[in-house]
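To start, the structure itself, in structure tokens.
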Amino acid sequence: MIKIAIQKLRPHAVVPAYAHPGDAGVDLFAAEDLTLKPGERALAPTGIAVAIPDSYEGQVRPKSGLALKQGLSIVNTPGTVDSGYRGEVGVILINLGGETVEVRRGQKIAQMVFTKVERATLEVVEKLDETSRGAGGFGSTGV
């Protein structure tokens, strides 16, 4: 289990929390009211900053209920909060539904999952090794 330090940047900010035992992500809450018309996107501040340990990231993901019921999602899903970032966590919301969505301060808007990250050593080579798939992609399996 990792330990995440959380700083409230606004007095009314809601501290992220797991809603149920066994949940993968903590809920993130809006720190301001927002109105999103259909097709509109906006940066929703959470009022918190986090200190994620080295070799971990915070993945910001949509809430399935908001996506299904209101068409509210996240533009860059999953968004990444890097271990070195100490600014306010923001969520880039988008209204993919047909109605205007009102987001209220203190409302759940996303979830964050903390995951282990492996650093890679990148090596330039003349040729890659062969595989049965090769360069097939973007529908190469018929879907």
The one condition in (1) hydrophobic (A, V, I, L, M, F, W, C); (2) in contact (Cβ under 8 Å) with a residue 24 or more places away in the chain; (3) farther than 21 Å from VAL14 by Cβ that ALA110 fails to fulfil: (3)
Test: residue in the range 111-123 that is within 18 Å of the chain's Cα centre (by Cα) and among the hydroxyl-bearing types (Ser, Thr, Tyr): yes
Unmet requirement for PRO38, which otherwise passes all of (1) assigned to a strand (DSSP E or B); (2) under 16 Å from SER73 (Cα atoms); (3) not polar (S, T, N, Q): (1)
Test: residue in the range 49-70 that is modelled with pLDDT of 95 or more, closer than 27 Å to VAL117 by Cβ, touching a helix residue (DSSP H, G or I) at 6+ places or on another chain (Cβ under 9 Å) and not hydrophobic (A, V, I, L, M, F, W, C): no
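If you go through the range 3-22 one residue at a time, do you hit one that is under 14 Å from the mean Cα position of the chain (by Cα), in contact (Cβ under 8 Å) with a residue 12 or more places away in the chain, part of a strand (DSSP E or B) and surrounded by 15 or more Cβ atoms within 10 Å (Cβ to Cβ)?
no
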Pick from the range 50-74, criterion in a strand (DSSP E or B) and in contact with a Leu (Cβ under 6 Å, 6 or more places away or on another chain), ranking: surrounded by the most Cβ atoms within 10 Å (Cβ to Cβ): LEU72
Any hit, the range 121-138, residues being in contact with a strand residue (DSSP E or B) (Cβ under 9 Å, 6 or more places away or on another chain) and surrounded by 10 or more Cβ atoms within 10 Å (Cβ to Cβ): no
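Examine the range 76-87 for a residue that is closer than 21 Å to HIS12 by Cα and either touching a residue at least 12 places away in the same chain (Cβ under 8 Å) or touching a Gly at 6+ places or on another chain (Cβ under 6 Å) (or both), and state whether such a residue exists.
Yes, that holds for at least one residue.
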Verdict on GLY79 being under 25 Å from ALA24 (Cβ atoms), surrounded by 16 or more Cβ atoms within 10 Å (Cβ to Cβ) and either under 20 Å from the mean Cα position of the chain (by Cα) or not aromatic (Phe, Trp, Tyr) (or both): yes
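The values are calculated or read from the model by the stated rules, or taken from the named source; none is laboratory data. On a predicted model such as this, the values are computed, not experimentally measured, just so you know. Here the Cβ is made from the backbone with ideal geometry for all residues, glycine too, and neighbour counts use every protein chain on show.
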